[in-house]
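Peer 1: Structure provided below as C-alpha cells; questions to follow.
The values are calculated or read from the model by the stated rules, or taken from the named source; none is laboratory data. Computed from a predicted structure; not experimentally measured. For neighbour counting, all protein chains shown are included, and Cβ atoms are generated from backbone atoms with ideal geometry for every residue, glycine included.
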Amino acid sequence: MAASWLERLVRWLERPEGDAAIWVRDYRLDDATARRVVELIRTGAREQGLEVGRIVINARELWRAPTPKALEEY
C-alpha cells in the first residue's frame, strides 16, 4: 500500500511550557484502544522523565495535564 504512512503518524511537539504535546493519527484505533494508547504514552514518558501536557488522537484531545490553577481549586 503506497499511502500507508498517511494512515499512521505520531508527532512529539515540545511546547513553550516545557512539556510536550503528542499528536497521534491512526484511524484503525477504536475508542478503547485509543484510551490504552494514552496510558501507554503517559507511562512511557514518565519512565523516561519526560512531561506530557496534552495527548491528541485522531484530532480529539483525549488527555490534558491538569494546570496548576486547576490543582489549587481541587
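Peer 1: Which pairs have Cβ atoms under 7 Å, sit 6 or more apart or on different chains, and link a residue in the range 10-35 that is surrounded by fewer than 11 Cβ atoms within 10 Å (Cβ to Cβ) to one that is assigned to a helix (DSSP H, G or I)?
Peer 2: TYR27/GLU7
Peer 1: Is it the case that ALA70 is of a type in the set (A, V, I, L, M, F, W, C) and modelled with pLDDT under 95?
Peer 2: Details: of a type in the set (A, V, I, L, M, F, W, C): yes; modelled with pLDDT under 95: yes.
Judged against the criteria, ALA70 is a match.
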